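Chemist: Quick one: the structure is below, and I'll ask about it shortly.
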Amino acid sequence: MGFLNNTTVTVDAILTKKGRELLAQGTDEFNITKFALADDEVDYNLWDVTHPNGTDYYGKVIENMPLLEAIPDENHVMRYKLISLPKNTIKMPVISVAPGSITFGAAGGLSQPPSEVNVNTANVADSSYTFILHDQSVCTMTVTVAAGEGVGTTTPFFLGEDDAPNSLTLSAKKVQIGVGSGVSAPKATQLTIVGNDTGATTSITITNNVTLNSLIKGAGAA
């Protein structure tokens, strides 16, 4: 959804393919139970504390910025969702991930060890994270829970219609990413990580170069 302009409270809504299917089944099936808000179009660097007209004008440029129209592509909208944080929070939570990316080389075959994904949230603590593997045909994902570490609730995250059927979502402190069983061609996917307490989000790229053809060649060489 998006506001068409700054002078009216008209809401522009575009339904996804699934939404249109439910609407066609009748109003009893089309029932919106959850929604999210975002401020993708806001550039907070334009907040001007030096404005000569005083505090009422610090955010005047931001207030007059054009607002985005609705588009049904989750890869380009709702990237900066609004979140609720403790009242006295003075810094935004920032998630760091190690490693920053994962690549399984063709030469290593299926015997490559899994890679553990370690996550940390700076400024505000997260007790657990939601890990969303967009395409589980590329790799495997399993939960790693160390002694004394609990698993929290899952934070909702909206995937595109192409990603959702192949996705895998887990909630944990950390996960392990293993090489997939072989793809027809080198393939990459995203691992999105969301803090369950803060809502902070980041993602890393996972690439699988272990193709079915490379497995056959490796078996022949052996």
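Any read-out appearing in this document is the output of simple, stated calculations on the displayed coordinates, not a laboratory observation. These numbers were taken from a predicted model, which means no experiment stands behind them. Because the Cβ atoms are built from the backbone with ideal geometry, glycine has one as well, and the counts that use them run over all protein chains shown.
Chemist: Residue separation times 0.36 nm, minus the C-alpha to C-alpha distance between residue 89 and residue 41: what's the value? Before the final figure, lay out the partial values.
Modeler: On the way: separation 48, 0.36 × 48 = 17.28 nm, distance 2.32 nm.
Working it through step by step, the gained length comes to 15.0 nm.
Chemist: Per-residue counts of other Cβ atoms within 10 Å, averaged by peptide: what ranking do you get for 198-211, 93-106, highest first? Display every interim value, and only then the final one.
Modeler: Working: 198-211: 19.5, 93-106: 14.9.
Final packing ranking: 198-211, 93-106.
Chemist: Grab the Cα-Cα distance for residue 185 and residue 21, subtract it from 0.36 nm times how many residues apart they are, and report the gain in nm with one decimal. The partial results should precede the final answer.
Modeler: Working: separation 164, 0.36 × 164 = 59.04 nm, distance 3.32 nm.
The residue 185-residue 21 span can extend by a further 55.7 nm.
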